[in-house]
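We did not get these values from a lab; they are worked out from the coordinates using the rules stated. Everything quoted here is computed from the prediction, not taken from an experiment. Heads up, the Cβs are rebuilt from the backbone with ideal geometry, glycines too, and the neighbour counts pull from every protein chain shown.
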Amino acid sequence: MAYHSVSGTANNTADMLVRLKDFLVTTCGWTLHDDGSALSDPYYVLKSVGESGMEDIYIQFINDASADCISVKGYLYWNASTHTGVKMAYSSGTTVISTKDSAQFLYWLYGDLDHVFVVTKITATYYGHYSGIIKRYWSGAVAITQAAVNAGSSVVIQVNDASLFNSGSYYIIKDDANIERVQVTARDTESTPNTITVASLAAAYASGAKVGEDPQPVIIGRNNVPGNFYALNKWNGWTSASGQTGNCGAANGGFSGYADPDVRYGLTIMFPWLVAMTSTGNEELRGELIEVYSIGSGAGDSEDVLDLGTATYKMFNLSNAGWCAIKE
């Protein structure tokens, strides 16, 4: 599916929840995985396999008891039969999309099968929210396990492609129940199926589990993105719902105000927003936000458009993040 954007006016939080669901499902191609719209705290769980077709993205959008917001939660997996999620990424009252329960407000939605970026204008303030995977700096390639495996030491795992791995290197294995870091000690690319041997395995994994450098790099943003977020996992797996904290930083070296717009031709420079894990012991520069850029002030007003010829970018002075440009 292609990249899309829409804008409009929402009547209230309940209306915004439906508009967001419709954008992701009808326009971008996500799957409505679980429909809880009839509940007292209405929700939708949306699923995507990403633009690559190999991702696992489960995001829940909820109109809960919190005032003037849609709460957002990410999951390793969501069981639609039992209506329960596994290994959540979430922080109460902070991983939200800012809305207004009692009045109309403007919104802009940007996304594809990898992510969604939401901008809302509440009174005179613009808020940004990002959920989904990032443009990762590690490989997104994964091998698929061909049989179930049990926890233990020197565990041999059947995979569809062992050539993705280097002996002695570390990788992440995950299925719908567990996720952890493993060290590959050997690989066999001649056997059918291929196999890898891992030094130890703390949990059992089902057939169809994925093994790779950085599977499922899902982040759930606060209402100040580009800013703070909670990741679904980190370099060695999952700790708790809010145990994988991170922050976005503009790759402008603090100099965007000197060159945006530049004095020679009046052009605007767009810098990527970097994504870093920032919790103690897990610090790591992990990737970039998708199609969200930092710009300096002075290029125009919020809602103005930058024209690059092949694409246009809407400018917003976002709460906390400052001036950003998002691809339309």
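Things worth noting here:
- For Rg/Rh (Cα atoms, Kirkwood Rh), computed directly from the structure shown, the correct entry in [x] 1.06; [y] 1.14; [z] 1.00 is [z].
- Placing +1 on each Lys and Arg Cβ and -1 on each Asp and Glu Cβ, with no other charges, gives region 1-89 a dipole about its Cα centre of roughly 80 debye.
- Against the chain, whose longest principal axis is taken from its Cα atoms, helix 13-22 shows a tilt of about 60°.
- Distant-in-sequence amide H partners of Ala148 (H built 1.01 Å from N, under 5 Å): Ser207
- Distance between the modelled labels on Asn317 and Ala67, one decimal in nanometres: 2.7 nm (7 Å Cα→Cβ projection).
- Residue (of Ser66, Leu39, Asn236) at the positive-pole extreme of the chain, dipole from beta-carbon charges: Asn236
- Sequence-distant aspartates and glutamates (8 or more away, or on other chains) whose Cα lies within less than 14 Å of Lys47: Asp22, Asp34, Asp35, Glu55, Asp56, Asp112, Asp114, Asp176
- Label separation (Thr84 vs Ser40): 2.1 nm, computed from points 7 Å beyond Cα along the C-beta direction.
- Cross-link reach list, aspartates and glutamates versus Lys100, counting only Cα pairs under 12 Å and skipping chain neighbours closer than eight places: Asp15, Asp68
- Dipole magnitude (debye, nearest 20) for region 1-159, charges at Cβ of Lys, Arg, Asp, Glu: 280 debye
- Within a Gaussian network of the chain (alpha carbon springs, distance under 10 Å), most fluctuating of Gly287, Gly253, Gly111: Gly253
- Extension gain, Leu308 to Asp101, is 70.8 nm, computed as 0.36 nm per intervening residue step minus the present C-alpha separation.
- Subtracting the Cα-Cα distance of Glu283 and Trp138 from 0.36 nm times their residue separation leaves 50.7 nm of extension gain.
- Put simply, the amide H of Tyr75, placed in the peptide plane, has neighbours under 5 Å in Tyr58, Ala89, leaving out anything fewer than 5 places away on its chain.
- Given Lys234/Lys314; Lys87/Lys314; Lys73/Lys174, the pairs whose alpha carbons are separated by over 28 Å: Lys234/Lys314; Lys87/Lys314
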